[in-house]
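Throughout, read-outs are computed from the coordinates displayed, never taken from laboratory work. None of these values were measured; they are calculated from a predicted model. FYI the Cβ positions are ideal-geometry reconstructions off the backbone, even for glycines, and counts take in every protein chain you see.
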Amino acid sequence: MRIAAERGDITEQHVDAVVNAANSTLLGGGGVDGAIHRSGGREILDSCRELRAGDYPDGLPVGAAVATTAGRLPAHWVIHTVGPVYSSAEDRSNSLASCHGEALRVADSLGARSVAFPAISTGVYGYPVEEAAEIAVRTVRTADSAVETVRFVLFDERTRELFAAEIGQD
Ligand code: APR
């Protein structure tokens, strides 16, 4: 598995699947979630609504992942996952690790061979980037997955540097 950290916009990635930093409602939000729905178009929301009406009546649990169409995005699928809100009182690293492991498991079920991740939970959900980068890269690197390429797509240079350092990228 090739793993890289790049500056960029998750909505512009030409990969099989992009991972969305969603919330449990699956009905959109700001940040990555807002960008994916805005760029991907209504098909994505319609597909999310079907999930809510079907397998996920109470929403998507933290740490779980589910795929929908990618609508107008260059990717084929969006894999929605719900990161943990950071807590200084409670260790939620397993939930953040689960977002990455479950996203790769869903990618495998789709036959996706290239996956782009944002820095899940490090925006609105307040997870310190240093900790999130270590959890994300370790989980991806140790996953038993057929995915060949994982790209962390990061919105700012500091976050990119931290992920690149975890990967051992220069
Ligand atoms: N491409 C790549 N990265 C992005 C983009 C983008 N278009 N937009 C934002 N980011 C970065 C942020 O700078 C942050 O580093 O993605 C990281 C995750 O930030 P959020 O999108 O806020 O995600 P998260 O912290 O997981 O919070 C999820 O925010 O948008 C709502 O509906 C969402 O309730 C959910 C919560």
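Taking R0 as 30 Å, what's the FRET efficiency between Val124 and Thr149 from their Cβ-Cβ distance, rounded to 0.05?
Working: r = 27 Å, r/R0 = 0.91.
For R0 = 30 Å, the calculated efficiency reads 0.65.
Taking the dipole about the Cα centre of the range 1-89, with the C-beta of Lys and Arg at +1 and of Asp and Glu at -1, give me whichever of Ala64, Val19, Gly54 is farthest to the positive side.
The Cα lying farthest towards the positive end belongs to Val19.
Report the label-to-label distance for Asp46 and His14 in nanometres (one decimal), using points 7 Å from each Cα along the Cα→Cβ vector.
Between Asp46 and His14, the simple spin-label model gives 2.7 nm.
Go through the range 24-112 and name the GluC sites (Glu not before Pro) that are in a DSSP coil and have 14 or fewer other Cβ atoms within 10 Å of their Cβ.
Those that pass, being in a loop and sparsely packed, are Glu90.
What does DSSP give for the chain in terms of the percent of beta bridges that are antiparallel, rounded to the nearest 5? Provide the component values of the computation, followed by the final result.
Details: 5 of 23 bridges.
Of the beta bridges lying entirely in the chain, close to 20 percent run antiparallel.
Roughly what would the spin-label model give for Ser88 and Glu157, points 7 Å off Cα along C-beta, in nm?
A separation of 2.9 nm, rounded to one decimal place.
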